[in-house]
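Take a look at the structure below.
The values are calculated or read from the model by the stated rules, or taken from the named source; none is laboratory data. No experiment lies behind these values; they were computed from the predicted model shown. Neighbour counts are summed over all protein chains in view; Cβ atoms, including those assigned to glycine, are modelled from backbone coordinates with ideal geometry. What goes into the accessible areas is simple: the full protein's heavy atoms, side chains included, and nothing from ligands, DNA or RNA. Shrake-Rupley method; radii C 1.70, N 1.55, O 1.52, S 1.80 Å.
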Amino acid sequence: MSTAVPSGLFFLPVVLVSAILGLLTVTVTANAPHLVHRRFEYKYSFKPPYLAQKDGTVPFWEYGGNAIASSENVRIAPSLRSQKGAIWTKQKTNFDWWEVDIVFRVSGRGRIGADGLAFWYTTEKGDYAGDVFGSSDRWVGLGIFFDSFDNDNKHNNPYISAVLNDGTKKFDHQNDGSTQLLSGCLRDFRNKPFPTRAKIEYYNNILTVLFHNGMTNNDQDYEMCFRAENVVLPKNGHFGLSAATGGLADDHDVFHFLTTSLHIPGQVKEEPAPDQDQAKLTQEYQDYQKKLELQKEEYRKEHPEEKDEMDNWFEDYNARELRQIWEAQTATHDQLRALHSKLDEVIGRQERTLGLLSVQAGQGMPPPQVQQQPQQGVPQLGASGGIQRNEVDALLQNQNLMVQTIREIRSIIGEVHARTDSILTNQARAPTAQIQGGSYDMQQLVSEMRDGLNQVKQGVAGVSHKLQQPNAQGQVQCPTQNCVGTTIFLATIVVHLLLVIGYNIYRDSRDAQAKKFY
């Protein structure tokens, strides 16, 4: 029997879905102005490998002073005294907001380093041997200093600080720039197992500095250093890095300097390549194609017997996909076969175990021949040749009691060892042990040994009492050749204790003889 459904029930979900989509659209539209368009700026960046060319130059950058550029990094200042160096971009920026990711390492043999590394964003390039971390003073723009030397003796270094300058202020070296500080944080960046990182972002007049302490190899393990608002920087500036050493010296190495421009969506217009450059690239590509065809013709003329089998060198997309599917199915089939064999083995072992513990009597098996004499408390095979359930329970109880007894004996032995160690420690710490010839300490040692032996006797007596109980006689029986008697056990412990006492007396006499020479 069919049931009619009102049409309003279908209309209600449609209305709800439309409302949710509308809310999502409004949310995305409202948040759209806050999205940031990012573009990597290769002309303001450098990174390995081949960071420096064969002639020693870094593309789009220029360096001087004591800076050294290699294929893997730029050593701004080496670990020698009174060294200064810097590296600057050749061109000014053509974007307002940016983010710079710096990967560097400051390392040295001294406990304290000097002087530090500096990041610059200024209207003009600074000097290569200036007074402020290797660059010029009275700059116009931003300087972020990774200061590793404590000039003001306040024990607040290494320190990361940001200082703004309009070209009229002279940097306060005596106070490490604390009187001109915009913001900063106390972070240690020297001699870390991994390179340290700093991410500097300037967007909508907000300056944010994130720091990676170099203790992990995770390149996303950043922490906030500081965030400053209402920071106004000049337009179209130069990026730069500088470093300096003084009486103390560190190696100041920079591995990556990656610049990303930040734009509001819709404001970025990709500039097409000029017609002249486009024509030049097109002509180079055509010349390369012609050269390649000529080389192919020459090779065919020199090797006429060889056929063109280039098609056999490449695999069709469909054939490759089928091959991958077949390999995956084959591997799955092999794994299933191995699991099936393991499962058969487990089932066979289970069946053999169940056959040994079968409760039923007589399955065509002859009764087993028992060679040794039956002992009291040891469960024997039934008359029918099978193991009964009560016998299995007796075996389990016997095993549990043996385990418990072994644990008690082990605890007693551990207590004896602990007491022996404590006695030896107390004797070693006693200040008069060597002077008095060991009379007082030996009496105390003998008394503690006597107490320990008494406790061992009590523990062994308790264990033997448990073993002699009527209900335990039928459950616990020691093997004939493996059990240790109480007398042998106590004798062994006494011998060990006598050896310890003799060793202590011998060591005291040796120490007393050695002190005669002082």
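Across segment 85-102, coupling constants 3J(HN,Hα) worked out from phi with the 6.51/-1.76/1.60 Karplus curve, θ = phi - 60°, read x, 7, 9, 10, 6, 6, 10, 7, 6, 10, 9, 8, 10, 8, 9, 10, 10, 10 Hz, and Gly and Pro carry x. Here segment 161-216 exposes an accessible surface that is 50 percent carbon and sulfur, computed with a 1.4 Å probe and the other protein chains kept in place. The slack between Ala461 and Leu490, meaning 0.36 nm per residue of separation minus the straight C-alpha distance, is 9.3 nm.
Roughly how many Å² is the accessible area per residue of segment 188-267, as a whole number, for a 1.4 Å probe? List each step's numbers first, then the result.
On the way: 3270 Å² over 80 residues.
I get 41 Å² per residue for this part.
Please list, or write none, the aspartates and glutamates whose alpha carbon is within less than 14 Å of the alpha carbon of Lys154, excluding same-chain residues fewer than 8 places away. Correct list for Lys154: Asp176.
How high is the FRET efficiency from Asp166 to Lys90, r the C-beta distance, R0 22 Å, rounded to 0.05?
Numbers: r = 24 Å, r/R0 = 1.11.
According to the calculation, E is roughly 0.35.
Subtracting the Cα-Cα distance of Phe40 and Asp316 from their residue separation scaled by 0.36 nm leaves 95.7 nm.
Rounded to whole numbers, the Karplus 3J(HN,Hα) couplings from phi for segment 154-165 are 9, 6, 10, 10, x, 9, 10, 9, 10, 10, 9, 9 Hz, using 6.51 cos²θ - 1.76 cosθ + 1.60 with θ = phi - 60°, and x at Gly and Pro. Remark: spin-label model distance Arg410-Lys192 equals 4.7 nm, labels positioned 7 Å along the Cα→Cβ axis.
Amide hydrogen proximity for Ser107: with H placed 1.01 Å from N in the peptide plane, the residues at 5 or more positions away or on another chain lying under 5 Å are Asn191, Asp251, Asp253. Solvent-accessible surface of protein heavy atoms, probed at 1.4 angstrom with all chains present, puts Phe239, Phe40 in the order Phe40, Phe239, largest first.
Please find the FRET efficiency linking Asn390 to Ala331, where r is the Cβ-Cβ separation and R0 is fixed at 56 Å, and quote it to the nearest 0.05. Working shown, then result.
Numbers: r = 51 Å, r/R0 = 0.91.
Taking R0 as 56 Å, the efficiency between Asn390 and Ala331 is 0.65.
The string of couplings for segment 141-150 from the Karplus curve (6.51, -1.76, 1.60, θ = phi - 60°) is x, 10, x, 10, 10, 9, 8, 10, 10, 8 Hz, one whole number per residue in order, with x for Gly and Pro. The Tyr299 and His340 beta-carbon pair, evaluated with R₀ = 45 Å, returns a calculated FRET efficiency of approximately 0.25. Were the residues from Asn213 through Leu357 laid out at 0.36 nm apart, the gain over their Cα-Cα distance would be 45.4 nm. Which entries of Lys170/Lys192; Lys84/Lys169; Lys43/Lys280; Lys199/Lys235 have Cα-Cα distances beyond 26 Å here? Long pairs (Cα-Cα over 26 Å): Lys170/Lys192.
Averaging sequence separations of C-alpha pairs under 8 Å and six or more residues apart, then dividing by the length of segment 107-235, give the relative contact order as a whole percent. Don't skip to the answer; put the middle values down first.
On the way: 256 pairs, mean separation 24.3, N = 129.
Averaging sequence separation for qualifying contacts and normalising by length gives 19 percent for segment 107-235.
Each residue, Tyr288 and Lys54, gets one label point 7 Å from its Cα in the Cβ direction; the gap between the two is 2.0 nm.
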